[in-house]
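Trainee: For reference, the structure I am asking about is given below.
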Amino acid sequence: MIITKKKNIDDVVESLDNRKDVYLIGCGSCAEQCKTGGETEIKEMARTLTERGFNVRGGSVIDETCYRQLVLKEFRKEKDLKDSESILVLACGAGVKTVSEAAPEKTPVLAALDSLFLASVERYGRFFEGCSLCGECLLSDTAGICPHTECPKGLLNGPCGGVADGMCEVNTENPCAWVMIYKKLKAQDRLYLLKKVRPLKDHSGANGPQSVLLRNPKKSTGLEPR
Amino acid sequence: MKTEKSKLQSELTAGRFVVTAEICPPRGTDTSVFLEKARLLSGSIVAANVTDNQRAVMRLSSLACSVLLLQAGIEPVFQMTCRDRNRLGIQSDLLGAWALGLKNILALSGDDVSAGDHRGAKSVFDLDSVQLVHTISTLNNGRNLNGKELRGGTGFYTGAVVAPEAEPWEPEEIKFEKKIAVGAKFFQTQAIYDMERFKRFFDKASASFPEVKILGGILLLKSAKMAEFLNKNVPGVTVPGHYIDELNAAPDQLQKGIEIASRQVRELKKYCHGAHIMAIGQERSVIPIIEGA
């Protein structure tokens, strides 16, 4: 799930650039769960913008705003969306991008949210970052705890000198990722993995912008290893 | 290329007790105070460590300041962190450092940008400290990280850092051993206060790795307030209560801090390879610390 947070409303208003006519799009997946882009937030945004003198032409919450076919369907269905002077998207950056691709070229598509991270859901309302989509997964060697993500410095060969009683020097509330990895590997009797010198990471797998094309997706067996 | 060993390397391999001290580059281009402090210390220490944007606070480059020391006839230990450059920048600065005559290098991870004065900066950490030591060894072997042969490699005397008081100790010890495996020849430790624990670390390390030299890190306590600040704010440093009591009871706390540091250096002299004195902002105190030891 992608975690988002609301932008400052003054910044949102400024980005609307004096276009008084605006249509709102939310997302029924991640943004709804984060309480940033569901029905409630669309209504709240509509109220706020109306108070500030905008003409809110309508609002939709699309099931998955990052899915182009669903977005195009909404454009066909909602005349106000197609005709609006501007569109404000309450979804992650991938959602904004998808709407922007689907909208008429003359219509500015604006972002109401900042996208933060790919999250695991610990429980409803509690999200944490466990993967940063680096393109070269280390988790088999690090007991399922990603040092690239959970160590603020992304160190690959063990804790830095700042570890204090097992806690992280940067985020002092968090346990040190490397201490957690150490404890778990030890419990699994696999400390040899920590003793191995880990070579420099190949970042080329995560260099963007990336795209994937599965030819004949129904028969495809996914991307093959490089 | 055959070059003369650095003074630091020669002294350590000759088995003499070596003292180094840390000097921080200026925030700006006026190097007069920096050089004056270095000159003052040069008679008492073997080499001066030049910090690299320490605590993630932007300062004049450690490479440039190390070269300035060299020109002033003072031997530098060029400190390099992984925070501010990627593998291209690191290798090219290492080549530059060697071409300009620097021989001693200390490889560190570096403090996180959130500790410093440019908090919106992007941390790099393309390498970690083990990989940085590996990179230095690779250049020392005349190749770059791609395996390509260099037109002239480096011959650095490579140092790294260990935190003998880290808790838990085992993962830190594993990292220490990895640094040795990839080519670290000397260590300057984080601040030590528990001298018995340090001796246990030293005895074990010097038995397992007799060729590796270890300099115990001595951080000057300028006052009881500073000791309390360290305990609260500086990761990995714990000043025991008895030192704080001692400082509080003293009429001149700085004087007492110097006395404590001297005592620690005196203790190290009995068995250790050397001492690395960190007297942030109080570099002048390094002289009485050494004299008292």
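Trainee: With a cut-off of 8 Å between alpha carbons and a minimum separation of six or more residues, what is the relative contact order of chain A in percent? Write out the running numbers ahead of the final one.
Mentor: Working: 355 pairs, mean separation 37.7, N = 226.
It comes to 17 percent, rounded to a whole number.
Trainee: Let me ask something else about it. Given contacts defined as C-alpha pairs under 8 Å and at least six residues apart, what's the relative contact order of the stretch B:179-292, whole-number percent?
Mentor: 30 percent
Trainee: Sticking with this structure for a sec: Report the calculated FRET efficiency for B:LEU150 and A:THR50 (r = Cβ-Cβ distance, R0 = 56 Å), to the nearest 0.05. Walk me through the numbers on the way to the answer.
Mentor: On the way: r = 66 Å, r/R0 = 1.19.
About 0.25, to the nearest 0.05.
Trainee: Accessible area of B:ARG16, 1.4 Å probe, to the nearest 10 Å²?
Mentor: Rounded to the nearest 10, the figure is 130 Å².
Trainee: So how exposed is B:HIS273, as accessible area in Å² (1.4 Å probe, rounded to 10)?
Mentor: In the full protein context, B:HIS273 sits at about 40 Å².
Trainee: In addition: Between rounded, prolate and oblate, where does the stretch A:62-161 land on the alpha carbon gyration tensor, with a ≥ b ≥ c its root eigenvalues, rounded for a/c under 1.5, else prolate if a/b exceeds b/c? Don't skip to the end; give the middle numbers.
Mentor: Details: a/c = 3.17, a/b = 2.90, b/c = 1.10.
Cα axes put the stretch A:62-161 in the prolate bin.
Trainee: Next question. Taking the alpha-carbon centroid of each part, what is the distance from the stretch B:96-144 to the stretch B:12-29 in angstrom?
Mentor: Here the answer is 18 Å between Cα centres.
Trainee: Can you give the Rg to Rh ratio for the stretch B:82-182, taking only C-alpha atoms and Rh from Kirkwood?
Mentor: Reported Rg/Rh (Cα atoms, Kirkwood Rh): 1.00.
Trainee: If the viscosity is 1.306 mPa s and the temperature 10 °C, what Stokes-Einstein diffusion coefficient in µm²/s follows for the protein assembly as shown when Rh is the Kirkwood radius over Cα pairs?
Mentor: It diffuses with D of about 61 µm²/s by this estimate.
Trainee: On to the next question. Against the globular-protein guess of 2.2 N^0.38 Å, express the Cα radius of gyration of the stretch B:1-88 as a ratio, rounded to two decimals.
Mentor: The value comes to 1.14.
Trainee: Also, quick follow-up: Which three lengths, in whole Å and largest first, does the stretch A:2-117 cover when its Cα atoms are put on their principal axes?
Mentor: Result for the stretch A:2-117: principal-axis Cα extents of 31, 29, 21 Å.
Trainee: Once chain A is represented by equal point scatterers at the alpha-carbon sites, with solvent omitted, what log10 I(q)/I(0) does the Debye formula produce at q = 0.08, 0.15, 0.17 Å⁻¹?
Mentor: Rounded to two decimals, the profile gives -0.42, -1.02, -1.14.
Trainee: Give me a single rounded figure for B:171-181: the average over its residues of other chain Cβ atoms within 10 Å of their Cβ.
Mentor: Mean shielding by partner chains, rounded to a whole number: 5.
Trainee: Let me ask you something else. Where is the GNM fluctuation largest for chain B (alpha-carbon springs, 10 angstrom cutoff): B:LYS179, B:LYS103, B:LYS269?
Mentor: B:LYS269
Trainee: Enter the mean number of other protein chain beta carbons within 10 Å of the beta carbon of each residue in A:97-105, as an integer.
Mentor: Going residue by residue through A:97-105 and averaging, the value is 0.
Trainee: Enumerate the amide H contacts of B:VAL239 below 5 Å, restricted to partners 5 or more residues apart or on another chain; note that Pro and chain-start residues carry no placed amide H.
Mentor: Those qualifying (amide H under 5 Å, at least 5 residues apart or on another chain) are B:ASN231.
Trainee: Follow-up question, since we're still on this one. What is the antiparallel percent of DSSP beta bridges lying wholly in chain B, to the nearest 5?
Mentor: Numbers: 1 of 34 bridges.
The antiparallel fraction comes to roughly 5 percent.
Trainee: Next up: Two-decimal Rg/Rh of the stretch A:138-200 from alpha-carbon positions, Kirkwood Rh? Spell out each step's value before the answer.
Mentor: On the way: Rg = 10.8 Å, Rh = 11.6 Å.
Computed over Cα atoms, the ratio is 0.93.
Trainee: On to the next question. How much accessible area does B:TRP98 have with a 1.4 Å probe, in Å² rounded to the nearest 10?
Mentor: Accessible area, nearest 10 Å²: 30 Å².
Trainee: Shifting gears a bit: Heavy atoms only, probe 1.4 Å: what % of the accessible area of the protein assembly as shown goes to carbon and sulfur, would you let me know?
Mentor: 50 percent
Trainee: In angstroms, what radius of gyration and Dmax does chain B have, counting Cα atoms only?
Mentor: My reading of the Cα-based Rg and Dmax gives 18.3, 61 Å.
Trainee: Where both residues lie in the protein assembly as shown, what percent of DSSP beta bridges are antiparallel, nearest 5?
Mentor: Values: 12 of 60 bridges.
Around 20 percent of the beta bridges assigned by DSSP in the protein assembly as shown are antiparallel ones.
Trainee: Which number do you get for Rg(Cα) / (2.2 N^0.38 Å) in the stretch B:1-155?
Mentor: Numbers: Rg = 15.6 Å, N = 155, 2.2 N^0.38 = 15.0 Å.
That works out to 1.04 for the stretch B:1-155.
Trainee: What is the interface area between chains A and B, defined as buried accessible area summed over both chains with a 1.4 Å probe, reported in Å² to the nearest 100?
Mentor: Summing both chains' loss of accessible area gives about 2300 Å².
Trainee: So in the stretch A:2-117, what percent of DSSP beta bridges are antiparallel if you round to the nearest 5?
Mentor: 20 percent
Trainee: Right, something else. What number comes out for accessible area per residue over the protein assembly as shown if the probe is 1.4 Å? Units Å², please. Spell out each step's value before the answer.
Mentor: On the way: 25370 Å² over 519 residues.
Using a 1.4 Å probe on heavy atoms only, each residue of the protein assembly as shown averages 49 Å².
Trainee: When the accessible area of each residue in the stretch A:143-188 is compared between its chain alone and the complete protein assembly (1.4 Å probe; ligands, DNA and RNA ignored), which residues differ by at least 40 Å², being lower in the assembly?
Mentor: Buried by 40 Å² or more upon assembly, which counts only protein chains, are A:LYS153, A:LEU155, A:ASN157, A:PRO159, A:GLY161, A:VAL163, A:GLU169, A:VAL170, A:TYR182.
Trainee: Also, I was wondering about something else. Return the long-range amide H neighbours of A:PHE127 (sequence gap of 5 or more, or a different chain), with a cut-off of under 5 Å between placed amide H atoms.
Mentor: Placed amide hydrogens put A:GLU122 under 5 Å from A:PHE127.
The values are calculated or read from the model by the stated rules, or taken from the named source; none is laboratory data. Please read all numbers here as calculations on a predicted model, not as lab measurements. Quick reminder, even Gly has a Cβ in these numbers, built from the backbone with ideal geometry, and neighbours come from all protein chains shown. What goes into the accessible areas is simple: the full protein's heavy atoms, side chains included, and nothing from ligands, DNA or RNA. Shrake-Rupley method; radii C 1.70, N 1.55, O 1.52, S 1.80 Å.
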